[in-house]
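Below is one structure, written out as structure tokens, with a few remarks after it.
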Amino acid sequence: MEKNGKNILIGLYYYHPYVSGVSIYAKRLAEGLAAHGHNVTIITTKFEKDLKTEENINNVRVIRKPILFKLGKGVVSPRFLFSIIALSRKFNVINLHLPLAESGIATLFIPSKKIVTTYQCDINLGDAFFSKIIEKISFALMGITLRRSRSIVTLSMDYFLNSKMKSFAYKTKEVPPPIETSLFNRSHDTESFKKNLGLSTENFLIGFVGRIVYEKGIQYLLETIETLSKSIPSFKIIIAGDYENVAGGSIKSELDAYQSVFPGKIIFTGFLSDEDLVRFYSTIDVLVLPSIDPLEAFGMVQIEAMCCGCPVIASDMPGVDTAVRKTHFGHLSKPKDSLDIAKKIINTYHNGVSGRQFKKEDWDTKKTVQRYEEIF
């Protein structure tokens with residue numbers, strides 16, 4: 001470890017191999033910090049029984065604690081809580097990634113000067129009476145964490161100021177999410193990818209990538225097909241993302257109904273490797289992120305697509321709109337409005353995207369790590 005390297009403990013519910021915005025963010029941050037000479041340990045949950053209890057991944061120590069049961073998208077794991085408290089004594093910095101209800105209890109036993117919290121997003125556990133009680137308790141506990149934090153990091157200040165925790169804005173800093181921009185360059189090796197999906201050069205390709213869940217608003221993208229058919233001669237919508245191992249439940253079966261109504265227009269790729277994801281971004285003509293989720297704080301896939309030269313259409317919502325507003329490399333659409341999404345796609349088809357102000361270096365993991373080091 002370098003002379004100025006720190007011992008950093010990062011805590012969150014789900015870590016690699018689980019794939020979500022939060023888990024990808026934490027992995028890139030942890031490995032980036034490790035590459036800068038810091039001693040980084042992840043404390044997380046063993047959300048699947050066949051996962052290793054402890055392992056080293058790219059110079060990051062990963063410790064997984066067993067769970068009692070899953071609760072919606074979260075987990076219940078007393079041993080996870082106690083481990084955060086026990087391990088904290090050995091570390092200079094405790095970086096907790098919220099939502100993480102247990103953190104409120106844990107931070108009562110950790111000196112405030114050690115705590116730097118990353119507030120990823122709010123939570124919404126549904127309208128059921130019991131769920132609302134759990135939600136209120138979770139927010140109260142997370143409020144304790146933020147109150148005891150020396151500093152708070154947010155992906156988007158716009159999102160944070162519209163979140164449940166906006167009262168803590170006075171000690172919150174915006175840090176761009178970590179993107180491995182060097183991995184995302186426009187690929188010229190797309191022919192095999194197109195061939196495997198049965199795509200032709202005449203197709204205008206509209207893409208989505210992410211978890212196949214209700215809150216991503218995929219159904220509103222698919223509802224554009226009838227309108228698009230009147231203006232774009234030949235197009236396909238390619239839905240990329242895991243629809244089998246999804247916390248909270250996949251909606252793949254509901255989306256399959258659209259394939260019956262619009263045969264030949266929709267393709268589901270399933271999970272894509274990093275290499276195929278680059279080919280995906282390089283193949284499509286526009287990426288659409290039609291999120292309806294007030295919990296989505298950024299949407300890192302937008303920057304990944306832009307790195308590959310692909311413009312973006314994103315929902316005009318706090319956090320989700322940040323990438324397009326800052327880069328002007330795309331358009332914003334009204335949430336839950338299929339007609340407006342279709343208009344923005346048609347506009348992109350006819351006119352492309354003007355006013356591009358996108359610089360890869362502004363979004364690279366190295367910049368994120370540098371900002372965290374300054375805060376630590």
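The values are calculated or read from the model by the stated rules, or taken from the named source; none is laboratory data. Everything quoted here is computed from the prediction, not taken from an experiment. Backbone-built Cβ (ideal geometry, glycine too); neighbour counts: all protein chains shown.
Per-structure values
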{"item": "Residue that is outside any loop (DSSP other than H, G, I, E, B) and in contact with a Lys or Arg (Cβ under 6 Å, 6 or more places away or on another chain), where the choices are Phe130, Phe193, Phe168", "result": "Phe193"}
{"item": "Residue satisfying condition, being modelled with pLDDT of 90 or more and in a loop (DSSP other than H, G, I, E, B), within set Ile292, Ile237", "result": "Ile292"}
{"item": "Filter result for Lys366 (part of a helix (DSSP H, G or I), among the basic types (Lys, Arg) and not assigned by TED's automatic domain parsing to the domain that holds Pro294)", "result": "yes"}
{"item": "Total residues in segment 48-80, condition part of a loop (DSSP other than H, G, I, E, B) and within 24 Å of Leu125 (Cβ to Cβ)", "result": "6"}
{"item": "Check on Ile303, touching a residue at least 24 places away in the same chain (Cβ under 8 Å), crowded, with 20+ Cβ neighbours inside 10 Å and in contact with a Ser or Thr (Cβ under 9 Å, 6 or more places away or on another chain)", "result": "yes"}
{"item": "Matching entry among Ile94, Ile115, Ile110 (being assigned by TED's automatic domain parsing to the domain that holds Lys46, more than 30 Å from Tyr214 (Cα to Cα), touching a residue at least 40 places away in the same chain (Cβ under 8 Å) and in contact with a Ser or Thr (Cβ under 6 Å, 6 or more places away or on another chain))", "result": "Ile94"}
{"item": "All positions within segment 249-273 that are within 12 Å of Ile239 (Cβ to Cβ) and part of a helix (DSSP H, G or I)", "result": "Lys252, Leu255, Asp256, Tyr258, Gln259"}
{"item": "Cβ pairs under 6 Å, 6+ apart, first in segment 76-89 and touching a residue at least 40 places away in the same chain (Cβ under 8 Å) and not assigned by TED's automatic domain parsing to the domain that holds Ala106, second among the β-branched types (Val, Ile, Thr) and surrounded by 15 or more Cβ atoms within 10 Å (Cβ to Cβ)", "result": "none"}
{"item": "Odd one out for Lys236, checked against (1) within 29 Å of Ser182 (Cα to Cα); (2) surrounded by fewer than 19 Cβ atoms within 10 Å (Cβ to Cβ); (3) among the basic types (Lys, Arg)", "result": "(2)"}
{"item": "Residue ID - surrounded by the fewest Cβ atoms within 10 Å (Cβ to Cβ), chosen from residues in segment 313-347 that are at positive phi and touching a helix residue (DSSP H, G or I) at 6+ places or on another chain (Cβ under 9 Å)", "result": "Lys336"}
{"item": "Matching residues, segment 196-210, being assigned to a loop (DSSP other than H, G, I, E, B) and at pLDDT below 85", "result": "Gly198, Leu199, Ser200, Thr201, Glu202"}
{"item": "Qualifying residue in segment 236-248 (condition: farther than 29 Å from Phe358 by Cβ and more than 18 Å from the chain's Cα centre (by Cα))", "result": "no"}
{"item": "Residue selected from segment 350-371 under the condition modelled with pLDDT under 95 and among the hydroxyl-bearing types (Ser, Thr, Tyr), by the criterion farthest from the chain's Cα centre (by Cα)", "result": "Ser354"}
{"item": "Among (1) part of a helix (DSSP H, G or I); (2) at pLDDT 95 or above, the one test that Leu277 misses", "result": "(2)"}
{"item": "Filter result (touching a Leu at 6+ places or on another chain (Cβ under 9 Å) and of a type in the set (A, V, I, L, M)) within segment 86-104", "result": "Leu87, Val93, Ile94, Leu96, Leu98, Leu100, Ala101"}
{"item": "When residues of segment 285-300 are limited to those that are among the hydrophobic types (A, V, I, L, M, F, W, C) and in contact with an Asp or Glu (Cβ under 7 Å, 6 or more places away or on another chain), the one surrounded by the most Cβ atoms within 10 Å (Cβ to Cβ)", "result": "Ile292"}
{"item": "Lone unmet requirement of (1) over 23 Å from Cys310 (Cα atoms); (2) over 23 Å from the mean Cα position of the chain (by Cα); (3) crowded, with 17+ Cβ neighbours inside 10 Å for Leu255", "result": "(2)"}
{"item": "Some residue of segment 22-43 being touching a residue at least 60 places away in the same chain (Cβ under 8 Å), touching a helix residue (DSSP H, G or I) at 6+ places or on another chain (Cβ under 7 Å) and in a loop (DSSP other than H, G, I, E, B)", "result": "yes"}
